[in-house]
Amino acid sequence: MRKEEEEERGKEATLLQELCGADAELYRCLSVHLYETPLSAISRKDLETLTAEAEDSGGFRRALDKAIFEGAQNPGERERYIKAIQDLALKNMRAMEGERETAEKEGLTDLAASLGRGIESQKTIGERAEDILIVASKFYAEKMLELGEDEKRQTRRKDRKEAEREDRRILEAEKADRQARRLARREMTRGERREAKKQEKREAQAAEESKKARRQKRQEAEREERRIGEMEKEGREARREKRKG
């Protein structure tokens with residue numbers, strides 16, 4: 001990417017900033033609990049298991065993140081997930097309050113201040129669980145689309161590399177075959193060499209036609225990749241305009 005493009009992209013609001021708008025409080029909370037790559041960042045364990053584990057450990061972050069993600073994916077069960085988020089945020093807040101008290105007693109002022117900010121964040125999550133799910137639904141809908149596009153792009157890149165490797169293998173095999181024929185001609189009679197050269201010429205022509213066909217196929221694949229890239233870009237821009245509307 002060119003430097004000018006990087007600078008231009010750096011000026012653009014992130015998706016989460018765009019969705020939260022001027023709501024700085026909501027942005028601060030969700031910037032901690034939403035993930036660019038949710039499928040790898042959020043635990044694959046079910047919410048009940050994560051909640052049970054949190055009850056033992058006192059750390060409810062993973063369960064809370066899971067509840068927000070699942071709630072965003074299941075709008076028909078929004079009320080159930082709002083309650084789950086409120087419950088987990090409250091438990092997380094109480095656990096953090098205990099940690100802050102300990103930090104204050106031990107004179108760890110920076111840690112205590114950080115925990116204080118975390119407590120306020122959890123309080124906001126509990127109070128604004130519905131707003132959080134509304135934004136999270138839009139955020140994760142876009143991220144899942146982008147992840148799907150990225151997976152397809154990775155598959156196309158892998159196919160392209162495999163085609164390039166196969167092309168190199170064919171070229172190397174053709175080179176080895178030519179060398180073998182040259183060595184074999186040394187043992188031939190004049191008539192046999194003449195026929196061998198004719199056959200080699202026919203095979204060379206066929207190999208060149210095959211090479212051109214492979215080149216054309218690669219060029220078509222490159223054009224298709226550019227077309228898909230433009231369509232994906234147009235789709236992202238259209239979705240952005242729709243969100244603004």
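The values are calculated or read from the model by the stated rules, or taken from the named source; none is laboratory data. Keep in mind the model is a prediction, meaning the values are calculated, not measured. Backbone-built Cβ (ideal geometry, glycine too); neighbour counts: all protein chains shown.
With respect to SER57, is the statement that it is polar (S, T, N, Q) and within 28 Å of GLU146 (Cα to Cα) true? Break it down into steps so the answer makes sense when it comes.
Numbers: polar (S, T, N, Q): yes; within 28 Å of GLU146 (Cα to Cα): no.
When the stated conditions are applied, SER57 does not pass them.
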Practice item. Would you mention how many residues in the range 26-41 are over 15 Å from ILE134 (Cα atoms), surrounded by fewer than 20 Cβ atoms within 10 Å (Cβ to Cβ) and not aromatic (Phe, Trp, Tyr)? Key: 7
Exercise for review: Write out, first by first residue and then by second, each pair whose Cβ atoms fall under 9 Å of each other, whose residues are 6+ apart or on separate chains, and whose first residue, in the range 155-178, is within 14 Å of GLU225 (Cα to Cα) and without any contact (Cβ under 8 Å) to a residue 40 or more places away in the chain while the second is of a type in the set (Asp, Glu) and in a helix (DSSP H, G or I).
Suggested key: ARG157/GLU225
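I'd like to check something: does the range 119-137 contain any residue that is more than 30 Å from ILE85 (Cβ to Cβ) and in a helix (DSSP H, G or I)? Give the steps one after another, and end with the answer.
Pass one, the range 119-137, residues more than 30 Å from ILE85 (Cβ to Cβ): none.
Within the range 119-137, none of the residues are more than 30 Å from ILE85 (Cβ to Cβ) and in a helix (DSSP H, G or I).
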Revision key, fill the gap. ARG239: passes all of (1) surrounded by 13 or more Cβ atoms within 10 Å (Cβ to Cβ); (2) over 28 Å from ASN74 (Cβ atoms) but (2)
Exercise for review: Would you confirm whether any residue within the range 189-212 is within 26 Å of the chain's Cα centre (by Cα) and among the hydroxyl-bearing types (Ser, Thr, Tyr)?
Suggested key: no
Check your understanding: Among the numbered criteria (1) assigned to a helix (DSSP H, G or I); (2) of a type outside the set (Val, Ile, Thr); (3) modelled with pLDDT under 95, which single criterion is violated by GLY107?
Key -> (1)
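Could you look through the range 43-79, keep only residues that are in a loop (DSSP other than H, G, I, E, B) and surrounded by fewer than 20 Cβ atoms within 10 Å (Cβ to Cβ), and pick out the one that is modelled with the lowest pLDDT?
Checked the range 43-79; the qualifying residue modelled with the lowest pLDDT is GLY58.
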Practice item. From the list ALA184, ALA196, ALA176, ALA204, pick out the single residue that is farther than 30 Å from LEU39 by Cα and at pLDDT 85 or above. Key: ALA176
Exercise for review: Quickly run through the range 125-170 and pick out the residues that are exposed (fewer than 13 other Cβ atoms within 10 Å of the Cβ) and either among the β-branched types (Val, Ile, Thr) or farther than 30 Å from GLU234 by Cβ (or both).
Suggested key: THR155, ARG165, GLU166, ARG168, ARG169
Point to revise | Residue check, GLU151 modelled with pLDDT under 85 and assigned by TED's automatic domain parsing to the domain that holds ARG227 | key: yes
Review point. How many residues does the range 213-236 hold that are over 22 Å from the mean Cα position of the chain (by Cα), of a type in the set (A, V, I, L, M, F, W, C) and surrounded by 11 or more Cβ atoms within 10 Å (Cβ to Cβ)?
Key: 1
